[in-house]
Protein chains: 2
Amino acid sequence: MSALKYDLEATCGEARAGTLHTPHGSVPTPAFMPVGTYGTVKGMTPEEVRGIGGSIVLSNTMHLWVRPGDTAIQQLGGLHRFMGWDGPILTDSGGYQVFSLKKLARVTEEGVRFRTPKDGEYRMLSPEVCVSIQENLGVDMAMAFDECIEWPADRERVGRSTERTTRWLRRCLDARRAPERTALLGIVQGGFFPDLRAAHADELSAMNLDGYAIGGLSVGEPTDELLGMVEVVAPRLPANKVRYLMGVGYPIDIVEAVMRGVDLFDCVLPTRNARNGQVFSSQGRLNVKHARFKLDPGPLDETCPCYTCRHFSRAYLRHLYLSDELLGHRLLTLHNLAYYLGLMQRLRAAVIAGPDALAALRAEAVLASQPPGAFN
Amino acid sequence: MSALKYDLEATCGEARAGTLHTPHGSVPTPAFMPVGTYGTVKGMTPEEVRGIGGSIVLSNTMHLWVRPGDTAIQQLGGLHRFMGWDGPILTDSGGYQVFSLKKLARVTEEGVRFRTPKDGEYRMLSPEVCVSIQENLGVDMAMAFDECIEWPADRERVGRSTERTTRWLRRCLDARRAPERTALLGIVQGGFFPDLRAAHADELSAMNLDGYAIGGLSVGEPTDELLGMVEVVAPRLPANKVRYLMGVGYPIDIVEAVMRGVDLFDCVLPTRNARNGQVFSSQGRLNVKHARFKLDPGPLDETCPCYTCRHFSRAYLRHLYLSDELLGHRLLTLHNLAYYLGLMQRLRAAVIAGPDALAALRAEAVLASQPPGAFN
């Protein structure tokens, strides 16, 4: 009995609208997961995330393992209770974080031995440990432990790595103790080799997993390479399982990936850019620091219904940002997430409405993804 | 026609309960003003300040003058609209800030010439400039420009300085252009010399000002010296005008000052201590960093009805604090302000209820003001 159930409700080409059922409630898809690394979406309360349409959040296994520790969170009743979020939670595997330690990490067939930059302590992250941590956290969706390799990498290296990812996935499956409570998603690898991607997608599809992620993308490659791989993988995955593209991206990337059959996304852009003063809007990105906003009484985005846009001017938000005021980071984060979550709602409606609606939304997303220029 | 009206509603000894009417609404007193230096109570929305019982906020003339500038705020419709707070606002005079620059400031009869640490620009703050800035901001209550001197200071120096403060007050009064919109409060000085304090209180009382502040206290002196001066000054001020004790203090200091006839307070303690992890509670201050909270599922304060205490554990708040997460600063600030504002509401009720209620609240405030120890 899987902890996850995905109901497909409408399609438009490869694009899908559906509902993902989890032990902590349902997620209308396509969906975006705000990132809450340390068990908090930066600066936001759970009510606020919910209030702007968030239905699922992502948290980071590796970070919570180091601080405050998965067993501490377990003793406190699990991650949902700990962070006060009663909706679904997905955690990453921690793999991406340990591999990005590079010289501080040593990879073997057993797993990855590394020193945490925080306390210098040696730790071993393996498929078994990875599953155990996520089950201790009590999340709805755990990610399998996969090998993350650099880009570009040659075919032989990618092939060997993908095989190891599959072996690690099998060990993850064997290690599970609470499959009815915590689903396990496998991660399709294969680098930028269409045939390796296709073969891995087929191999994992045959394993009848709870859900599927597309990994190893958004690692520095051009966007069309990324979308090319999504195009290869997504249609080969089972239609009755959720599909998650990890770490993507700008609004246009999300729309393009939805049009290729992806259901679930996460990205630090809306939260991280907010901390840098960068704002998403239907008219393109803008940087709130710009001097031209000094006396601007208008909202960040005329068309945005969020709390920030209903109450505060660009001039005030610029002032808060330049004064390094907490409220500024908070209000920009709220707005950016509201933009992303609103986009997902409209994207779902467009998939249901049909090709014209989807094309119109794609055009908006192109505009919305434009970098801040001299005039915004 | 004064912009302020104070209605005295009940007394208990020297303690007063009343209502202060301003152009932006009424303030039940005794009242505490959360500090919003740069036009924002750190990390909090106006709705949240209102939601925990805040009815008036304090902002800083000097900071807003330098950034974004009083004329910019004026062009944007005034400070209320700029910061989205539709209740009363009081601004300090900026005097305290320029005098604390010490070697960067030169004091003459004209005013204070100084270099702003932020941009190295020379500026001159005088009674006329001070009033002009506060009227440009459009606040409900402006503070007169007074001379702030060091503690301890000898009698002759205090006497000369107090005379200058009176001359500056007269210049402030002459400089007003919008007295019906922005009230002007005079500041009683006189150092720690009871006769100088009494004489200055009498002199200012005779001037029939909009309201009165007691300044030059909480500058490093022992608490009983501070309360001694309040005891001298407060009863000499007109009963039909509001009385504001600047920059005070811990819960017990506030209760003691109310019992000596003060109506209005401001202090950075609840907001600044929150950023250091220090929490006010009915059982004494505690530091959320302490290792003993690592697995503590209880709220900061069992008796507190605030959002933080209703939703989050000490363990989670400790984790947020150690992870330097914005949400942690925000939730601790909310709690500390809720404690202060709740104390003021109960203090007002106690003044109306009578001596026993006031004595009981004083006992709580003694406990609540205790520093964090080994066990909290």
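A few comments on the model shown:
- Matching residues, the stretch A:59-105, being out of contact with any helix residue (DSSP H, G or I) (no Cβ under 7 Å at 6 or more places or on another chain), among the aliphatic types (A, V, I, L, M) and away from chain B (no Cβ under 14 Å): A:Leu90, A:Leu101, A:Leu104
- Residue ID - farthest from B:Val129 (Cα to Cα), chosen from residues in the stretch B:7-58 that are among the hydroxyl-bearing types (Ser, Thr, Tyr) and within 14 Å of chain A (Cβ to nearest Cβ): B:Thr45
- Check on A:Val98, buried (at least 18 other Cβ atoms within 10 Å of the Cβ) and among the aliphatic types (A, V, I, L, M): yes
- Restricting the stretch A:320-331 to residues that are out of contact with any Gly (no Cβ under 7 Å at 6 or more places or on another chain) and surrounded by 24 or more Cβ atoms within 10 Å (Cβ to Cβ) leaves a set whose member that is nearest to B:Val35 (Cα to Cα) is A:Gly328.
- Residue that is nearest to A:Met44 (Cα to Cα), among those in the stretch A:302-346 that are without any contact (Cβ under 8 Å) to a residue 40 or more places away in the chain and β-branched (Val, Ile, Thr): A:Thr308
- Residues that are part of a loop (DSSP other than H, G, I, E, B) and either at positive phi or not assigned by TED's automatic domain parsing to the domain that holds A:Ile214 (or both) were ranked within the stretch A:91-150; the one that is farthest from the chain's Cα centre (by Cα) is A:Gly120.
- Test: residue in the stretch A:307-318 that is away from every other protein chain (no Cβ under 12 Å), surrounded by 17 or more Cβ atoms within 10 Å (Cβ to Cβ) and in a loop (DSSP other than H, G, I, E, B): no
One line per residue, one yes/no per condition, for (1) surrounded by 24 or more Cβ atoms within 10 Å (Cβ to Cβ); (2) of a type in the set (Gly, Ala, Ser); (3) modelled with pLDDT of 95 or more; (4) within 14 Å of the chain's Cα centre (by Cα):
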residue: A:Lys5; (1), (2), (3), (4): no, no, yes, no
residue: A:Thr11; (1), (2), (3), (4): no, no, yes, no
residue: A:Ala17; (1), (2), (3), (4): no, yes, yes, no
residue: A:His21; (1), (2), (3), (4): no, no, yes, no
residue: A:Gly25; (1), (2), (3), (4): no, yes, yes, no
residue: A:Val35; (1), (2), (3), (4): no, no, yes, yes
residue: A:Val41; (1), (2), (3), (4): yes, no, yes, yes
residue: A:Pro46; (1), (2), (3), (4): no, no, yes, no
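- If you filter the stretch B:64-76 down to residues that are out of contact with any Gly (no Cβ under 8 Å at 6 or more places or on another chain) and of a type outside the set (A, V, I, L, M), you find that the one that is farthest from B:Gly120 (Cα to Cα) is B:Gln75.
- The residue list B:Glu221, B:Glu150, B:Glu203 contains one member that is surrounded by fewer than 23 Cβ atoms within 10 Å (Cβ to Cβ), of a type in the set (Asp, Glu) and under 22 Å from B:Ala239 (Cβ atoms), which is B:Glu203.
- Of all residues in the stretch A:292-306, those satisfying the criterion of being farther than 19 Å from A:Glu48 by Cβ and either outside any helix (DSSP H, G or I) or within 11 Å of chain B (Cβ to nearest Cβ) (or both) are A:Phe293, A:Lys294, A:Leu295, A:Asp296, A:Pro297, A:Gly298, A:Glu302, A:Thr303.
- Residue in the stretch B:156-172 that is part of a loop (DSSP other than H, G, I, E, B) and either charged (D, E, K, R) or crowded, with 22+ Cβ neighbours inside 10 Å (or both) present: no
- Only one entry in B:Ala353, B:Ala368, B:Ala274, B:Ala338 is surrounded by fewer than 21 Cβ atoms within 10 Å (Cβ to Cβ) and either more than 10 Å from every other protein chain (Cβ to nearest Cβ) or of a type in the set (A, V, I, L, M) (or both), namely B:Ala353.
- Remark: A:Ala257 falls outside the filter, which requires a residue to be in a loop (DSSP other than H, G, I, E, B) and not hydroxyl-bearing (Ser, Thr, Tyr).
- Scan of the stretch A:349-376 for residues that are in contact with a strand residue (DSSP E or B) (Cβ under 7 Å, 6 or more places away or on another chain) and either under 17 Å from A:Val248 (Cα atoms) or at pLDDT below 95 (or both), ordered by number: A:Pro372, A:Asn376
- Residue, surrounded by the fewest Cβ atoms within 10 Å (Cβ to Cβ), within the stretch B:61-79, restricted to residues that are closer than 11 Å to B:Val139 by Cβ and under 18 Å from the mean Cα position of the chain (by Cα): B:Leu79
Residues checked against (1) closer than 21 Å to B:Ser132 by Cβ; (2) in a helix (DSSP H, G or I); (3) in the same structural domain as B:Gln97 (by TED's automatic domain parsing):
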{"site": "B:Ala178", "(1), (2), (3)": "yes, no, yes"}
{"site": "B:Arg181", "(1), (2), (3)": "yes, no, yes"}
{"site": "B:Leu185", "(1), (2), (3)": "yes, no, yes"}
{"site": "B:Asp195", "(1), (2), (3)": "no, yes, yes"}
{"site": "B:Ala198", "(1), (2), (3)": "no, yes, yes"}
{"site": "B:Leu204", "(1), (2), (3)": "no, yes, yes"}
{"site": "B:Leu217", "(1), (2), (3)": "no, no, yes"}
{"site": "B:Glu221", "(1), (2), (3)": "no, no, yes"}
{"site": "B:Val233", "(1), (2), (3)": "no, yes, yes"}
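The values are calculated or read from the model by the stated rules, or taken from the named source; none is laboratory data. Since we're looking at a predicted model, the values are computed, not measured. Backbone-built Cβ (ideal geometry, glycine too); neighbour counts: all protein chains shown.
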